[in-house]
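The values are calculated or read from the model by the stated rules, or taken from the named source; none is laboratory data. Computed from a predicted model, the values in this text were never measured in an experiment. Neighbour counts are summed over all protein chains in view; Cβ atoms, including those assigned to glycine, are modelled from backbone coordinates with ideal geometry.
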Amino acid sequence: MRWFALLLIAAPAFSAAPTIELKVDQAGYSTAAPKVGLVASKSAAKEFTVRRADNDAVAFRGTLSDAADDPDSGDRVQAADFTKLTRTGKYYLDVPGVGRSWIFAIDPDVYARSWYLAMRSYYGQRCGIAVDLGPEFPGYKHEACHMEGAYHASSGKSGPHVSKGGWHDAGDYGRYVVNSGISTGTLLWAWEMFGPRLRTIRLNLPESGNGTPDILNEIRWNLDWMLAMQDDDGGVWHKQTSERFCGFVMPEKDTFVSYVIGTGKEPFKSSCATGDFTAVMAIAARAFRPFQPEFAGKCLRAARQAWTWLEKYPNVTFNNPPGVATGGYGDGNCSDEHLWAAAELYRTTSDDAYHKYFLEHYGDFRKSIRPTGPQSWNNVANLALWTYVLGNGKDAVAAGAIRQDSLAAADEIVKRTAANPYRMSMTSRDYIWGSNSVAANYGMQLLVADALRRDPRYVEAATDNLHYLLGRNAFSLSWVTQVGENPFRHPHHRPSGADTNAEPWPGLLSGGPNRSRQDNAMRTKLAADLPPAKSYLDDQEAYAANEVAINWNAPLVFLLAGALGGK
Ligand code: G3I
Ligand code: 9MR
Ligand code: ZN
């Protein structure tokens, strides 16, 4: 017995399984950045060590902070600050009496892999082409899908419609212009803001090596589909989906007709879709000009034409027509999309007409730049306002006001983030469907503020939201598939559910906790009275908590781009 007891005492820390009571960013921490892990435990611990993953040697010793109660999770949280540890390597946190954490890295370019996977996930979402993630991910492939489309009666047209590419929206195979709008816009912004460091990153796409940066190659796949959704009169149809969701099959096995769906009455196209389309095509015109000038010209012509339609029909909202049950992305107010269209067109062309529209209307939206509630698929006013200042909008009063609002909101978010025991920017009310994208969009908001006035606090708070998504959360889960040692594994994602691979498709962000429990899995499988941050389960059935979506991945890509090493 005696020798056995001794063995237990002397057992190296690594033999224990990691505990969810310890929370770290499972991708890791940049060498020069603040590095904090969290402890949420009933046992009152005081000391911690950071150990090397390869030999358990102690690399850092520290004292835990006092515990703070977090009402959103119900946890009592202490912080383990090891910012001073700067040696490149792989480590874990060890807290006597609590346990050890999952492994994390310290590295000058610690998010390179995560960025690659998160951005490349769009390639996996491609519709209309055979996809194969290659030798790196054997078995992750699907055949060309949804190659034929048709006009739905609600579109005002009939007959076949050439179905051109695009990305599957989410865990379903629909393609929705409104959601494509903020997703593609956010990715294009990532390019515009962090281009120098993204330019040479190879995503191993069919187009790689064609002289265009791969991030733009991937974005173009969706732009071509969006262009195909524009009618001859300039208006843009709302979505292209089947009439109802198919089962959990691979995309090429989805035999439902892929319809171009409209509003069911004149003018058939919707204003929110057309506004988002205009903005995105205007940005694309700027981004593609140096690489594919002809395509850039096509995007700009399409944007101008869409603008003309929008001026004529500013208030056509979309609701699913009878017989259609796929996603709605219904938004009752398209004036923010209209403003975004004006702002991006002005930034691209400097034309007076767009400027005039912007100046006449931006005042109505100033409250959109606020400390709670960042941009989202149905609220793009922030993007409109920011693009004006980022693009050197000429009116000093407007530009000054927007700058002021942006910095004041960011200051407030920084304060709130520092005061949150989990060190991220979410409020109790932010745990909605797709809440992880709210965290990511706060991060983006902070990085935009940093672009307006450099402030390390903004970058730090933005990165804190990234840490939350990558494991420093109530579940100690990395909410990005195949990133980190303990990622979530059961996304509501048809290819992941239908294929035979053990792990889900890589690089996808989970929707995250949803206090409203808007699906049956959440309603029936979760304990009653969970606090908002804990209203989550890693279950394929739980589409209101565990689906993935292109508009959720996009701010993650933006945030990761901001955290990449390099220029
Ligand atoms: O904004 C309100 C908030 O004020 C309120 O406190 C809260 C209470 O639940 O609700 C918030 O609104 C929610 C809204 O998302 C926020 O954007 C709604 O409840 C919620 O139902 C709505 O969910 C949307 C969902 O479709 C259902 O319509 C998601 O945003 C949207 O991302 C999701 O999109 C689906 C597509 O339709 C189909 N493809 C998959 C995709 C992802 O799940
Ligand atoms: O898979 C669908 C998902 O993409 C949507 O976000 C969600 C809400 O609209 O709906 C999912 O489809 C479910 C449908 O609404 C109800 N029957 C089960 C479907 C999931 O297999
Ligand atoms: Zn498809």
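Please specify each residue of segment 230-241 satisfying the condition of being within 16 Å of ligand 1 (Cβ to nearest atom) and either closer than 20 Å to residue 145 by Cα or surrounded by fewer than 19 Cβ atoms within 10 Å (Cβ to Cβ) (or both). Selection gives 239, 240, 241. Looking at this structure, is residue 440 within 16 Å of ligand 1 (Cβ to nearest atom), at pLDDT 95 or above and not hydroxyl-bearing (Ser, Thr, Tyr)? Yes, satisfied.
Within segment 497-528, the set of residues being within 18 Å of residue 431 (Cα to Cα) and free of Cβ contacts under 8 Å to residues at least 12 places away in the same chain comprises 523, 526, 527, 528. If you scan segment 245-257, which residues turn out to be in contact with a Phe, Trp or Tyr (Cβ under 8 Å, 6 or more places away or on another chain) and not in a loop (DSSP other than H, G, I, E, B)? If the condition is that a residue be in contact with a Phe, Trp or Tyr (Cβ under 8 Å, 6 or more places away or on another chain) and not in a loop (DSSP other than H, G, I, E, B), then 251 is the only one that fits.
Quick check, is residue 524 more than 20 Å from the chain's Cα centre (by Cα) and β-branched (Val, Ile, Thr)? Step through it out loud before you land on a result.
Working: more than 20 Å from the chain's Cα centre (by Cα): yes; β-branched (Val, Ile, Thr): yes.
When the stated conditions are applied, residue 524 passes them.
The listed residues are 144, 150, 118, and the only one of them that is in contact with a helix residue (DSSP H, G or I) (Cβ under 9 Å, 6 or more places away or on another chain), within 16 Å of ligand 3 (Cβ to nearest atom) and not polar (S, T, N, Q) turns out to be 144.
For every residue, the table says whether it meets (1) aromatic (Phe, Trp, Tyr); (2) more than 14 Å from ligand 3 (Cβ to nearest atom); (3) buried (at least 21 other Cβ atoms within 10 Å of the Cβ); (4) farther than 25 Å from residue 328 by Cβ.
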residue: 108; (1), (2), (3), (4): no, yes, no, yes
residue: 138; (1), (2), (3), (4): no, yes, no, yes
residue: 182; (1), (2), (3), (4): no, yes, yes, no
residue: 206; (1), (2), (3), (4): no, yes, no, yes
residue: 218; (1), (2), (3), (4): no, yes, yes, yes
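Do we have residue 244 as surrounded by 24 or more Cβ atoms within 10 Å (Cβ to Cβ) and among the basic types (Lys, Arg) here? Against the criterion (surrounded by 24 or more Cβ atoms within 10 Å (Cβ to Cβ) and among the basic types (Lys, Arg)), residue 244 does not qualify. Considering only residues that are within 30 Å of residue 327 (Cα to Cα), of a type in the set (Asp, Glu) and without any contact (Cβ under 8 Å) to a residue 40 or more places away in the chain, which ones fall in segment 342-378? Within segment 342-378, just 364 meets the criteria.
Total residues in segment 524-550 satisfying the condition of being away from ligand 2 (no atom under 12 Å from the Cβ) and polar (S, T, N, Q): the figure is 2. Working only within segment 192-204, note down all residues that are within 16 Å of residue 280 (Cβ to Cβ) and crowded, with 20+ Cβ neighbours inside 10 Å. Of everything in segment 192-204, nothing turns out to be within 16 Å of residue 280 (Cβ to Cβ) and crowded, with 20+ Cβ neighbours inside 10 Å.
Residue pairs whose Cβ atoms lie under 8 Å apart, sitting 6 or more positions apart in sequence or on different chains, and linking a residue in segment 136-163 that is within 16 Å of ligand 2 (Cβ to nearest atom) to a partner that is assigned to a helix (DSSP H, G or I), are 145/251; 145/252; 146/251.
In this structure, is residue 304 within 23 Å of the chain's Cα centre (by Cα), more than 16 Å from ligand 2 (Cβ to nearest atom) and modelled with pLDDT of 95 or more?
Spelling it out, it is not the case that residue 304 is within 23 Å of the chain's Cα centre (by Cα), more than 16 Å from ligand 2 (Cβ to nearest atom) and modelled with pLDDT of 95 or more.
For segment 473-481, the condition holds for no residue, the condition being that it is part of a helix (DSSP H, G or I), in contact (Cβ under 8 Å) with a residue 12 or more places away in the chain and either within 22 Å of residue 179 (Cα to Cα) or among the hydrophobic types (A, V, I, L, M, F, W, C) (or both). Among the residues of segment 323-332, is there at least one that is surrounded by fewer than 24 Cβ atoms within 10 Å (Cβ to Cβ), closer than 28 Å to residue 434 by Cβ and of a type in the set (A, V, I, L, M)? The answer is yes; a qualifying residue exists.
With the requirement that a residue be more than 11 Å from ligand 3 (Cβ to nearest atom) and assigned to a loop (DSSP other than H, G, I, E, B), what does segment 121-136 give you? Break it down stepwise before answering.
Let us first name the residues in segment 121-136 that are more than 11 Å from ligand 3 (Cβ to nearest atom), namely 121-124, 132-136.
Those that are more than 11 Å from ligand 3 (Cβ to nearest atom) and assigned to a loop (DSSP other than H, G, I, E, B): 133, 134, 135, 136.
Scanning segment 175-193 for residues that are touching a strand residue (DSSP E or B) at 6+ places or on another chain (Cβ under 7 Å) and either more than 16 Å from ligand 2 (Cβ to nearest atom) or modelled with pLDDT under 95 (or both) gives a single hit, 177. Here residue 222 meets the list (1) surrounded by fewer than 23 Cβ atoms within 10 Å (Cβ to Cβ); (2) within 16 Å of residue 298 (Cα to Cα); (3) within 16 Å of ligand 1 (Cβ to nearest atom) almost entirely, failing just condition (1).
Within segment 222-269, restricting attention to residues that are touching a helix residue (DSSP H, G or I) at 6+ places or on another chain (Cβ under 8 Å) and of a type in the set (Ser, Thr, Tyr), the residue that is farthest from ligand 2 (Cβ to nearest atom) is 263.
Against the test of being in contact (Cβ under 8 Å) with a residue 60 or more places away in the chain and more than 30 Å from residue 514 (Cα to Cα), the options 77, 95 yield a single qualifying residue, 95. Annotation note: of 258, 271, 242, the sole residue that is hydroxyl-bearing (Ser, Thr, Tyr), more than 16 Å from ligand 3 (Cβ to nearest atom) and in contact (Cβ under 8 Å) with a residue 40 or more places away in the chain is 271. Every condition in (1) surrounded by fewer than 17 Cβ atoms within 10 Å (Cβ to Cβ); (2) under 23 Å from the mean Cα position of the chain (by Cα); (3) among the aliphatic types (A, V, I, L, M) holds for residue 162 except the one numbered (2).
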